[in-house]
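**Q** Take a look at the following structure, please.
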Amino acid sequence: MNENASREGSHVQEDVVRVGVVQLTSNDEVERNLDAVERTVRGAARDGARTIVVPECFSFLGPEEGKLAIAESLPEGGPILARMASLAKAHDVELVLGGFWERGSDPEHVFNACVQVAADGSIGAIYRKIHLFDVDLSDGTTLRESDTVSPGDAVVVADTRLGKLGLSVCYDLRFPELYRALVDRGAIALTVPAAFTLHTGKDHWEILLRARAIEQQCYVLAAAQTGHHRQADGSGRRFSWGHAMIVDPWGAVLAQCGEGEGWCVASVDPRYVERVRASLPSLRHRKL
């Protein structure tokens, strides 16, 4: 297991909250994937994280029909949510579960939901991914998320230990207007649980994360899928970029995962957000 080292800035103060982001290589084996979530969350909690972000597709990343089979209704949930709630309670941590497959009213589609689970195991907030990834990439990768996923339509900010946390998922990262709306609702940190493809991630992932942090003067907590998503039968052509990271409001990368499964941890200081916004008041200077 790769326990990834973190690098932190010098602005840590007494009221900081330690946060963690997880990196996984999920496939079509749900129990295997959930075991990996438990393993990495335990590691991040052991390293002091109190709020931990888990990547998109954490429970299942495989053939499209598989998400329909394992989807659970929210807020009541099923075995996947129950296991994650127990994990949060066992380690007294908040979890942000990116890419939770949520059953909706359409039997042919699910929601790609970002679910905040409080430390007592209750659901604090649910965001349903607004921007769906329908692309034909130059490396031959074709993805049609809208074939099995319905889009959400609401901007969601969660109340957490570290303050107001703006929720988003993966492809949302390319739409800065969403993050401006989250800041307008009080967010001081933003979550980006993702399964960025290798082809796009190598060129765009870090740049976009740091840009969102600088533009919105927020911390960015970006959990990630990584590597080759080989299915149980040995098939599977999908690769993810990885490099889960935590970025501060000045755009500095505080912590970053290396190769393979792992986690990294850093500190969120709400007073640092205030200082950055006061020293460079670009949010107040907006005209549009």
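**Q** Check T141, T148 and return the single one that is in contact with an Asp or Glu (Cβ under 6 Å, 6 or more places away or on another chain), in contact (Cβ under 8 Å) with a residue 24 or more places away in the chain and farther than 16 Å from S73 by Cβ.
**A** Being in contact with an Asp or Glu (Cβ under 6 Å, 6 or more places away or on another chain), in contact (Cβ under 8 Å) with a residue 24 or more places away in the chain and farther than 16 Å from S73 by Cβ holds for just one of T141, T148, which is T148.
**Q** Sticking with this structure for a sec: Is it the case, given these coordinates, that T200 is of a type in the set (S, T, N, Q), farther than 26 Å from E94 by Cα and touching a Phe, Trp or Tyr at 6+ places or on another chain (Cβ under 8 Å)?
**A** So T200 passes the test.
**Q** Which condition from (1) touching a residue at least 60 places away in the same chain (Cβ under 8 Å); (2) under 30 Å from K202 (Cα atoms) is the one that V135 breaks?
**A** V135 satisfies all of (1) touching a residue at least 60 places away in the same chain (Cβ under 8 Å); (2) under 30 Å from K202 (Cα atoms) except (1).
**Q** Now a separate question. Could you list, in sequence order, all residues of the range 258-288 that are over 30 Å from R42 (Cα atoms) and polar (S, T, N, Q)?
**A** S279, S282, listed by residue number.
**Q** Can you name every residue in the range 261-285 that is of a type in the set (S, T, Y) and in contact with a Pro (Cβ under 7 Å, 6 or more places away or on another chain)?
**A** Y272
**Q** Out of all the residues in the range 52-93, which are in a loop (DSSP other than H, G, I, E, B), crowded, with 21+ Cβ neighbours inside 10 Å and among the aliphatic types (A, V, I, L, M)?
**A** Across the range 52-93, the qualifying residues are L61, A71, V93.
**Q** Shifting gears a bit: Condition (residue is assigned to a helix (DSSP H, G or I) and modelled with pLDDT of 95 or more) applied to the range 8-25: is it met by at least one residue?
**A** Scanning the range 8-25 turns up no residue that is assigned to a helix (DSSP H, G or I) and modelled with pLDDT of 95 or more.
**Q** Separate question: Does the range 223-236 contain at least one residue that is free of Cβ contacts under 8 Å to residues at least 40 places away in the same chain, closer than 20 Å to V16 by Cα and surrounded by fewer than 16 Cβ atoms within 10 Å (Cβ to Cβ)?
**A** no
**Q** Let me ask another. If you take the residues of the range 121-138 that are touching a helix residue (DSSP H, G or I) at 6+ places or on another chain (Cβ under 6 Å) and outside any strand (DSSP E or B), which of them is nearest to A85 (Cα to Cα)?
**A** This residue is G121.
**Q** Going by the structure shown, is G201 out of contact with any Ser or Thr (no Cβ under 6 Å at 6 or more places or on another chain), at pLDDT below 95 and surrounded by fewer than 24 Cβ atoms within 10 Å (Cβ to Cβ)?
**A** no
**Q** Let me ask another. Select, from A252, A244, the only residue that is aliphatic (A, V, I, L, M), crowded, with 18+ Cβ neighbours inside 10 Å and either within 24 Å of A45 (Cα to Cα) or touching a Ser or Thr at 6+ places or on another chain (Cβ under 8 Å) (or both).
**A** Exactly one residue qualifies, and that residue is A244.
**Q** If I ask for residues that are of a type outside the set (D, E, K, R), more than 16 Å from the chain's Cα centre (by Cα) and not in a loop (DSSP other than H, G, I, E, B), which ones from the range 35-51 would you list?
**A** G43, A45
**Q** Looking at the range 271-288 only, could you name the residues that are assigned to a loop (DSSP other than H, G, I, E, B) and small (G, A, S)?
**A** Listed by number, the list holds a single entry, S282.
**Q** Could you please give the count of residues in the range 35-84 that are over 20 Å from R144 (Cβ atoms) and either in contact with a helix residue (DSSP H, G or I) (Cβ under 8 Å, 6 or more places away or on another chain) or not β-branched (V, I, T) (or both)?
**A** Adding up the residues that qualify gives 33.
The values are calculated or read from the model by the stated rules, or taken from the named source; none is laboratory data. In this text, all values refer to a predicted model and were calculated from it rather than measured experimentally. Because the Cβ atoms are built from the backbone with ideal geometry, glycine has one as well, and the counts that use them run over all protein chains shown.
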